[in-house]
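One structure is given below, encoded as structure tokens.
The values are calculated or read from the model by the stated rules, or taken from the named source; none is laboratory data. Keep in mind that this is a model prediction, so the values were computed, not measured. Reconstructed Cβ throughout: ideal geometry from the backbone, glycine too, with neighbour counts over all protein chains shown.
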Amino acid sequence: MLLIKGAMVFDAIAPEFQALDILIKDGKIADIAPNLNYPEAAVVDAAGLYAFPGFIDAHSHLGMDGWGIGYEGSDYNEMNDIVSPHLRALDGFKPMQPSMKAAALAGITTICTGPGSANVLGGTFIAVKTVGRRADSMLLRDNVAMKCAFGENPKRCYRDKGDSSRMTTAAKLREMLFKAREYLQKQEAAGDDASKKPAFDIKMEALLPVLKGDMPLKAHAHATEDIFTALRIAKEFGVKITLEHVTEGHLIVEELAQEHVPLAIGPSLSHASKFELRNKTFTTPGILARAGCDVSIITDAPVIPQEYLPLCAGLAVKSGMDRFDALKAITINPARHAGVADRVGSLTKGKDADIVLTDGCPLEVATTVKAVYVNGELVEA
């Protein structure tokens, strides 16, 4: 057992910091309350420090990208198949690349990582811890969401291979969802009669959890028109959806507030490298949070290095976001976004002991991370 004593705790539930002790046992938070006394526990003196839940990025490609090696290590964009829902991030994730350790030491303990936005359907995301050597043992949740993409990326990457307009992108997604729905209907109608079942199709099988409501579409959409197209298609097929990037969300805040879908905002700490990013601003997450939207702040790593997630939240505060909203946007909100809030995202009894100790607020650039615990184990430099 390990007892962290004397820290001012942000639990991601209450907006105020509280003087609480945290007991860790078997990788979990076994108790959290003032003035705990467990004589058998090893004590970590955290007087003068602040304790936070491990930070979480709801949209990353960390572990899927090449770290200084380009094509040989870049595994997050399928460039030869415009619809590849059967691809799984778990099969391309590289847990031992150096950027994983940098993220963990900065307090980012969980990431939702997966395919990029080159094609219309990219495959499934995973939620993983940032510490470990084997992807399977780091896994919090497989098949978190099904990546789909709108806007400039698919039409640019596939302009000579069947996609040269936003209409085509939307039509490709609809076609796959129509086929998957028909495939499901035939399966259900066949019942136990194997002779009547449709021929096995791995792409259709991959889309069944989406149609059954067990897995949301994870929709890459920067511009207002692409955001609305994503929502339109989700409603047509009655499927769940999360919106990713939402760069122009501040321009349609009233409409988004009525949709009640999770929003992952970013990456904002970079220049407008394409036309659909021309309205990029750090005011967006704060505007949407004040309107009642469920906002997570993201890096889209490696677009922004993963370790700068708290800095992005700090810049959102500088641009008008409430501090409590910003801290939730890198803790409990992304945990909900990725469907892992039962395990991580807040400092609550029974949850994984993913804890960050700092000498100040992590939204401040001068703050130093003093210690990081993942599953109750100290992350070594």
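From the residues in the stretch 138-157 that are buried (at least 24 other Cβ atoms within 10 Å of the Cβ) and out of contact with any Gly (no Cβ under 9 Å at 6 or more places or on another chain), which one is farthest from Ile227 (Cα to Cα)?
Top of the filtered list is Pro154.
Can you report the number of residues in the stretch 345-367 which are outside any loop (DSSP other than H, G, I, E, B) and closer than 25 Å to Lys318 by Cβ?
3
What's the number of the condition Cys361 fails, among (1) surrounded by fewer than 21 Cβ atoms within 10 Å (Cβ to Cβ); (2) under 19 Å from the mean Cα position of the chain (by Cα)?
Evaluating Cys361 over (1) surrounded by fewer than 21 Cβ atoms within 10 Å (Cβ to Cβ); (2) under 19 Å from the mean Cα position of the chain (by Cα) leaves (2) as the failure.
Anything in the stretch 257-286 that is of a type in the set (Gly, Ala, Ser) and touching a residue at least 24 places away in the same chain (Cβ under 8 Å)? List them, or say none.
Ala257, Ala264, Gly266, Ser268, Ser270, Gly286
Just for the stretch 43-85: of the residues that are buried (at least 18 other Cβ atoms within 10 Å of the Cβ) and small (Gly, Ala, Ser), which one is nearest to the chain's Cα centre (by Cα)?
So the residue we want is Ala58.
Go through the stretch 21-45 and report how many residues are free of Cβ contacts under 8 Å to residues at least 24 places away in the same chain and within 19 Å of Lys351 (Cα to Cα).
4
Checking the structure you have, find out if any residue of the stretch 105-127 is among the aromatic types (Phe, Trp, Tyr), surrounded by 18 or more Cβ atoms within 10 Å (Cβ to Cβ), assigned to a loop (DSSP other than H, G, I, E, B) and touching a strand residue (DSSP E or B) at 6+ places or on another chain (Cβ under 9 Å).
Scanning the stretch 105-127, I find at least one residue that is among the aromatic types (Phe, Trp, Tyr), surrounded by 18 or more Cβ atoms within 10 Å (Cβ to Cβ), assigned to a loop (DSSP other than H, G, I, E, B) and touching a strand residue (DSSP E or B) at 6+ places or on another chain (Cβ under 9 Å), so the answer is yes.
Among the residues of the stretch 2-42, write down those that are surrounded by fewer than 14 Cβ atoms within 10 Å (Cβ to Cβ) and among the aliphatic types (A, V, I, L, M).
Of everything in the stretch 2-42, those that are surrounded by fewer than 14 Cβ atoms within 10 Å (Cβ to Cβ) and among the aliphatic types (A, V, I, L, M) turn out to be Ala14, Ala19, Ala33, Ala42.
Only residues that are under 19 Å from Thr110 (Cα atoms) and either among the charged types (D, E, K, R) or without any contact (Cβ under 8 Å) to a residue 12 or more places away in the chain (or both): list them for the stretch 47-93, please.
Selection gives Asp57, Asp65, Arg88, Asp91.
Conditions first: (1) among the acidic types (Asp, Glu); (2) in a loop (DSSP other than H, G, I, E, B); (3) within 30 Å of Met96 (Cβ to Cβ). Asp136 passes all but one, so which condition is the exception?
With (1) among the acidic types (Asp, Glu); (2) in a loop (DSSP other than H, G, I, E, B); (3) within 30 Å of Met96 (Cβ to Cβ) applied to Asp136, the lone miss is (2).
Can you pull out the helices (runs of 4 or more DSSP H) entirely within the stretch 196-276 that have at least 3 residues that are at pLDDT 95 or above and of a type in the set (Asp, Glu)?
Those helices (runs of 4 or more DSSP H) span 224-237, 253-259.
List, please: which pairs have Cβ atoms under 7 Å, are six or more places apart or on different chains, and start with a residue in the stretch 327-340 that is part of a helix (DSSP H, G or I) and end with one that is crowded, with 24+ Cβ neighbours inside 10 Å and among the hydroxyl-bearing types (Ser, Thr, Tyr)?
What qualifies is Asn333/Ser296; Pro334/Ser296; His337/Thr242; His337/Ser296.
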